[in-house]
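Below is one structure, written out as structure tokens, with a few remarks after it.
The values are calculated or read from the model by the stated rules, or taken from the named source; none is laboratory data. All figures in this text were calculated on a predicted structure; none of them were measured in a lab. With ideal geometry, Cβ positions are generated from the backbone for all residues, glycine too; neighbour counts draw on all protein chains shown.
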Amino acid sequence: MAGRFGIHGGQYIPETLMNAVIELEEAYNRFKDDPEFNRELTYLFNEYAGRPSRLYYAEKMTRDLGGAKIYLKREDLNHTGAHKINNVLGQALLAKKMGKTRLIAETGAGQHGVATATAAALLGMECVVFMGEEDTKRQALNVYRMKLLGSDVVPVTTGTATLKDAVSEAMREWTSRIADTHYCLGSVMGPHPFPTIVRDFQAVISREIKEQLLEKEGRLPDAVLACVGGGSNAIGSFYHFIGDPSVELIGCEAAGRGVDTLETAATIATGKLGIFHGMKSYFCQDEFGQIAPVYSISAGLDYPGIGPEHAWLHDTGRAKYVAITDDEAVEAFEYLARTEGIIPAIESAHAVAYARKLAPTMDKSKIIVITISGRGDKDCAAIARYRGQEIYE
Amino acid sequence: MSNIAKAFEKGKAFIPFLTCGDPDMETTAACVRECVKNGASLIELGIPFSDPTAEGPVIQGANLRALKGGATTDKVFDLVRELRRDVEVPMVFMTYSNVVFSYGAERFISACRDTGIDGIILPDLPYEEKGEFSPVCEKYGVDLISLIAPTSENRISMIAREAQGFIYLVSSLGVTGVRQKITTDLASIVKVIRESASVPCAIGFGISTPEQAHSMASLSDGAIVGSAIVKIIAKYGPEAPKYVGEYVKSMVEAVKR
């Protein structure tokens, strides 16, 4: 069935939005193989976003851990500092072809909001970003960036005033203004066709990893690691390896203060099957289906659900999902900075943390690729506070 | 024939919406009885959900107050059981898919039949996904109510043809909440609905004044009002039933006019 990944996915949205998602699907099917569209998108990827991103051999980390050879896929080097720009350029270009003049988006940490504001500035579109009020305080610098880029930022005060509420509010806004507005969803979630569209635009990550590693090592990796909130950088990193059974795919969720506490955002570890934000998938929720207020030190992984394709990869066993605590992520954040001179986003540090456990257990002939989905400049003040040092941006 | 049809037998219907457990179940029960006493034709009971994406700020607030007050799906079924000791008008639930799904479709929908709920409105379950619950609804004779929106256009006939109970026509774009003016060309949508549907059609979203209720009901078979009632409850709390009753009386008079 269209828009399903096993039993997951679907289109659980208000009737008011149905023609909008149908129109989006038709437009996407029309443009995805259109040579002109792809030529324009490739141009933006290469000339504007700085693709292809480097696949860097982390020699010191490899030596230090004493096991598998480690490569870092450097999505942090993209323009705006994260993988989010891949999806946003694709969707903004598509929206423009559809005749839309206005983009709306949700954001958690602010990375997707900044990327959307950037694409809107570049393509001459209006832009409104919904951001939980809590997050606007935690990430004040990104709020300023979005405004600098010409976007409006709407603080969301409903619910827990974090990412899930920003998604809800963006959906509400979309139902009130559809004709000129495209909802530029930031992850592989929401109603069909978003999980497919976002995955396709992010799949450039695994396509490049495959080409680059073949060139450097003449073979496929043994494991690919990426952090998972909604799961867009992870699905992008996994996609072209799904058909290669020798490649282990590992998603690293945010355990927050631990999967045995209520302060966690590890959906696969603690969630159950449900229907929310337009999709059937796994969600952190109580026994009556009320969505749980989740927690992670990483604002970008602080979401109570996971994209439907990940839910399916979990069901089939094709990908494995592990939970990484705040403590482990912060240690990995500091470790990569010291060892390789690379400050990863705290989100990406969850994947680095698992690599530190995994690599020593693997033979030196094996290869691990870790996607560094974003850079960590935005997190420095928060990590300093976590370590008991009050600094201000 | 569905029990819901009774609501439309005595002329135009007035359909009030209340969020169960806002501020507590006793107040909800008293408000429902006031609505019935003052001529409401059908009662729409909201089961609170943590993240009601189709609601404006007023009903969002009611959902959160109810959950904070300890409302659960089990307690809502207890409320319905208690109400059915004397309330005879049709009653339907309005909630979100996850509330039904997490309870278990079979368990939830059989409990609807057993307690006396005649239908379910799920604003996040469009035509394409109704198979999620419709086989179980049919098994227990509970109507799964369809919504039609101003943007439905080419989808109206498809939805109307299979509609059960009544059709919930959404008056305007956006979420629930009071609106100054409703500008959608509802008359032409109702015309297409009537060509395909075998059930009545009531209009909701944005209706608060007797004038609006009158004009919406004259275009269709009835008017649905939520936010305006929830506002009265938010203002008066446990004292609200009397004021809800007075308001419903004025609205019933307006739709029957």
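Scanning the stretch B:152-184 for residues that are over 20 Å from B:Leu42 (Cβ atoms) and touching a Pro at 6+ places or on another chain (Cβ under 8 Å) returns B:Ser172, B:Leu173, B:Gly177, B:Thr184. Of all residues in the stretch A:1-60, those satisfying the criterion of being part of a loop (DSSP other than H, G, I, E, B), among the hydrophobic types (A, V, I, L, M, F, W, C) and more than 14 Å from chain B (Cβ to nearest Cβ) are A:Ala49, A:Ala58.
When every residue of the stretch A:27-48 is checked against the conditions, at least one turns out to be surrounded by fewer than 16 Cβ atoms within 10 Å (Cβ to Cβ) and β-branched (Val, Ile, Thr). Of note, B:Ser41 does not satisfy the criterion of being farther than 16 Å from B:Gly119 by Cα, modelled with pLDDT of 95 or more, hydroxyl-bearing (Ser, Thr, Tyr) and part of a loop (DSSP other than H, G, I, E, B).
Sort out which residues of the stretch A:170-201 are assigned to a helix (DSSP H, G or I), in contact (Cβ under 8 Å) with a residue 60 or more places away in the chain and not aromatic (Phe, Trp, Tyr), and write them in order of number. Within the stretch A:170-201, A:Ala170, A:Met171, A:Glu173, A:Thr175, A:Pro195, A:Thr196, A:Ile197, A:Val198, A:Arg199, A:Asp200 qualify. Taken residue by residue, the stretch A:135-148 has at least one member that is crowded, with 24+ Cβ neighbours inside 10 Å, acidic (Asp, Glu), in contact (Cβ under 8 Å) with a residue 24 or more places away in the chain and outside the structural domain of A:Ala351 (by TED's automatic domain parsing).
Selection of the stretch B:21-38 for residues being away from chain A (no Cβ under 14 Å) and part of a loop (DSSP other than H, G, I, E, B) yields B:Asp22, B:Pro23, B:Asp24, B:Asn38. Among all positions in the stretch A:65-85, there is at least one residue which is assigned by TED's automatic domain parsing to the domain that holds A:Lys378 and surrounded by fewer than 16 Cβ atoms within 10 Å (Cβ to Cβ). Within the stretch A:293-320, the residues that satisfy the criterion of being modelled with pLDDT of 95 or more, in a loop (DSSP other than H, G, I, E, B) and either out of contact with any strand residue (DSSP E or B) (no Cβ under 6 Å at 6 or more places or on another chain) or at the interface with chain B (Cβ under 10 Å from one of its Cβ atoms) (or both) are A:Pro304, A:Gly307, A:Gly317, A:Arg318. Scanning the stretch B:106-139 for residues that are within 14 Å of another protein chain (Cβ to nearest Cβ), assigned to a helix (DSSP H, G or I) and buried (at least 19 other Cβ atoms within 10 Å of the Cβ) returns B:Phe108, B:Ala111, B:Glu128, B:Glu129, B:Glu132.
Could you tell me whether B:Leu18 is part of a helix (DSSP H, G or I), at pLDDT 95 or above and more than 14 Å from every other protein chain (Cβ to nearest Cβ)? So B:Leu18 fails the test.
Could you run through the stretch A:2-55 and say how many residues are free of Cβ contacts under 8 Å to residues at least 60 places away in the same chain and at positive phi? Qualifying residue count, the stretch A:2-55: 1.
Being buried (at least 22 other Cβ atoms within 10 Å of the Cβ) and within 12 Å of another protein chain (Cβ to nearest Cβ) is the filter here, so list the residues in the stretch A:260-273 that pass it. Within the stretch A:260-273, just A:Gly271 meets the criteria. Just one residue in the set B:Ala213, B:Ala254 is surrounded by fewer than 24 Cβ atoms within 10 Å (Cβ to Cβ) and closer than 18 Å to B:Ala202 by Cβ; that residue is B:Ala254. Just to check your reading of the model, which residue among B:Val58, B:Val80 is assigned to a helix (DSSP H, G or I), closer than 21 Å to A:Val167 by Cβ, within 17 Å of the chain's Cα centre (by Cα) and in contact (Cβ under 8 Å) with a residue 24 or more places away in the chain? Just a single option satisfies the conditions, and that option is B:Val58. One residue stands out in the stretch A:323-351 among those that are free of Cβ contacts under 8 Å to residues at least 60 places away in the same chain and in contact with a strand residue (DSSP E or B) (Cβ under 7 Å, 6 or more places away or on another chain): the one that is nearest to A:Asn78 (Cα to Cα), namely A:Ile343.
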